[in-house]
Amino acid sequence: MRPMPSADMVSLISFLAVLLVFFSIDVRSRDPAASQPWQASLFEWASRIGGVATALALTLGWVDLFLPDESSPIHVAFVAVPGSTAVLCAIALGLEMLWQRGEPS
């Protein structure tokens, strides 16, 4: 994996910050119910996992931004793996919107 220049890391951190806001709004808008269908539980957990993964990637990226590039203990993969998990969770929640659109009100 190639090293990430600081300008690219700033762009990634900005994207992750917006994604974190999305997950925090999504988690707070959900009503926890004991008797919910499996799809609702799946999407609720996708939102929680995505939020935690985003927070982890954002924190690691932020710390890496202030470390010297030559001796940084944070490898790009440490940011990319939780960041990719967060993006996959966001895609799953986007699919939830399509799922809900098909349900009659």
(message) Using only Cα atoms and rounding to the nearest 10 degrees, what angle (0 to 90) does helix 6-28 make with the longest principal axis of the chain?
(response) 20 degrees
(request) Could you give log10 I(q)/I(0) at q = 0.10, 0.15, 0.17 Å⁻¹ for the chain, computed by the Debye formula over C-alpha point scatterers of equal weight, without solvent? (result) -0.34, -0.65, -0.77
(request) Could you run the Karplus curve 6.51 cos²θ - 1.76 cosθ + 1.60 with θ = phi - 60° over region 37-53 and give me ³J(HN,Hα) per residue in whole Hz, x for Gly and Pro? (result) x, 4, 5, 5, 5, 4, 6, 5, 5, 4, 5, 5, 5, x, x, 5, 5
(message) Relative contact order of the chain, please, whole-number percent, based on alpha carbon pairs below 8 angstrom and at least 6 residues apart.
(response) 36 percent
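Read-outs: derived from the displayed coordinates by stated rules, not from any lab. Computed from a predicted structure; not experimentally measured.
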